[in-house]
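Report on one structure; see the data block that follows.
Every read-out reported here was derived from the displayed coordinates using simple, explicitly stated rules and does not represent laboratory data. Note that the coordinates shown come from a computational prediction; the quantities given were computed from them, not determined experimentally.
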Amino acid sequence: FPVTISVVDMHSSDVVKNNLTNYYYIWDPRQGVRGAYVAYNMSLATGGSNNISSGMTRFVQPGQAFFIQTAATGAASIAFPESAKGTAASQTLTSQAMRTTATPTSLAVMLYYADSLKANANAADGLRVILADGASNDIDKYDARKLENTDENIAINRNGTRLAIEMMPLFDTTTIIPLHINNYRQTQYTLRFKWDNPINNNTVALLKDKYTGKQTTIGNNTDITFDVNPAVAASIAADRFSIAFQKQTVTSVSNISINGTNVQIKNGRASCRE
């Protein structure tokens, strides 16, 4: 893994990457209890990490070690010319295809200890789904593989490969996002869901709990608390949760009769007639 001696803008088109994915990783000691790995997307102007409670940005800090991942088997390299320095960037507390300046639609999922969330502490771990036209459901260089933490992990399980960030096509009613959560250290957790630049295609996201059978609608800034029992295998199963999508049901009403009164609804206005 490389180490920088100056702030480097990893989003800069001047950074020369050969046979590398669009992600870099750091170990953020501020996450959870003993720290966690955080992945960051270098290909989007707005960037985005899998753990949005981390201070990680597109700028690698001076003296900071980071990890990068090869896109395919074979030689790989990365080079930082002077023009890639982020001289105007502030230091943070973390001690090119499909490049776009548009803000993508994305869903961040954060795993918190329930008591930590109440205390406004950082998340134990997180993941992010980026939805983009032209993206593939296949695992490719636009997806960030998961680096396993010592403690809790939350990831997307795509055909047996765990991902910290997945770039995938816009969702529809056939879309399933299988989650993987393991290394539980407590008995109560909260999943926090946050949408960025959400789209409205009359489809709602649902968190499906295979253990309890519950399905909970995921809105923006939705918190869902759940319990685990180490003595019950299904409770701590890594594949307990998944995200699915379904069409919203809209009921059309033209006439309502209340106590013999006929209420006409037209163009959003109601009129009553005996």
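Given the pairs Lys214/Lys247; Lys118/Lys194; Lys141/Lys247, which span a C-alpha to C-alpha distance of over 22 angstrom in this model?
On the way: Lys214/Lys247 18 Å; Lys118/Lys194 17 Å; Lys141/Lys247 31 Å.
In this structure, Lys141/Lys247 lie more than 22 Å apart at Cα.
Amide H contacts of Ile218: Ala205, Leu206, Leu207, each under 5 Å away and 5 or more positions distant or on a separate chain (H built 1.01 Å from N in the peptide plane; Pro and chain starts excluded).
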